[in-house]
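I have placed the structure first, in the form of structure tokens, so that the comments after it can refer back to it.
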Amino acid sequence: MTALLLMVLLSVPDIRVGITPDQPLPFAYVDEPLIVEVSSSTAKEAQVRVDIEGSRGPASSFDLGTVDLSEEGEHWRALESVALPRDRYLARFSIVADGVALRQDQTFCRIDRPVPGYSFALSACATGDGKENLPLAVSAIPGRAIRLEAGMPELAARIERVHAAGLQVVVGLPLSRMAEPVGEAEALASDLGDRVARWDIEGAETPATAAAVADALHRGHPRVGIGLVVPDEAALERQMEAGAGR
């Protein structure tokens, strides 16, 4: 059985397809052709078709015909007639090579070309799940800031990566997950305040603590903005009454 399985695996051609190989992330500007890349270390040719689905359903289908893979390396095809608006898409590739039918999927986005000197008032939130390309993605939109969270590992290094992408940093302070909110806030402001554009205090359930944290942040670095994250107007009023807006 093992030998049979090995024979079957060896008989499957090694085909790789992709979208926007000329970009560091799977982005394609709406005013440029969509580039498809096909490569293989075993097959000499492949029949390739791609069906593209957007957030509103099927968008386009393209038959690339026979792609000659006899020469090593990556083979690009430009889909000049593609008119896909700004959206997130799923490309479903149907491939036939050496008599074997294969399927591969890849997601990509069509985005507007950045306008020099203009950025969207957009802050993306880094969740700490290892997405190191987030600064690059946000700067390509282009957005303005990335929100990190106090308590993230290697917070200072993450801040440097965000700055290297030309973005501002917002740091959230979830008080319910902080052992010593006031002391930790003052230490963060002292150590990182010159690299932070705004602190976001998440402490609607403890207005007095939120106010004390705001004071600590102000002592640590008085020129950094402070935001209060609240679920409703009543919670904001309680924060103000506790002195968080001083």
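Here are a few things to note about the model shown:
- Evaluation of GLU180 against the conditions (1) modelled with pLDDT of 85 or more; (2) under 30 Å from PHE27 (Cβ atoms) shows that the sole unmet condition is (2).
- For the condition outside any helix (DSSP H, G or I) and among the β-branched types (Val, Ile, Thr), ILE159 does not qualify.
- Hits in the range 3-30 (condition: at pLDDT 85 or above, more than 22 Å from LEU69 (Cα to Cα) and either out of contact with any strand residue (DSSP E or B) (no Cβ under 8 Å at 6 or more places or on another chain) or not in a strand (DSSP E or B) (or both)): PRO26, VAL30
- Among all positions in the range 129-139, there is at least one residue which is modelled with pLDDT under 90, among the polar types (S, T, N, Q) and surrounded by fewer than 20 Cβ atoms within 10 Å (Cβ to Cβ).
- Near pairs, Cβ below 9 angstrom, 6+ apart or cross-chain, from the range 81-101 (in contact (Cβ under 8 Å) with a residue 12 or more places away in the chain) to any residue that is assigned to a loop (DSSP other than H, G, I, E, B) and of a type in the set (Ser, Thr, Tyr): ASP87/SER55; ARG88/SER55; TYR89/SER55; ALA97/THR42; ASP98/THR42
- Only one of the listed residues (LEU79, LEU90, LEU102) is at pLDDT below 85, under 30 Å from THR42 (Cα atoms) and surrounded by 13 or more Cβ atoms within 10 Å (Cβ to Cβ). That residue is LEU79.
- Taking (1) assigned to a helix (DSSP H, G or I); (2) in contact with a strand residue (DSSP E or B) (Cβ under 8 Å, 6 or more places away or on another chain) in turn, ARG147 satisfies each apart from (1).
The values are calculated or read from the model by the stated rules, or taken from the named source; none is laboratory data. The shown structure was predicted, so the numbers you read here are calculated from the model rather than taken from an experiment. Every residue, glycine among them, receives a Cβ derived from its backbone with ideal geometry; neighbour counts consider all protein chains shown.
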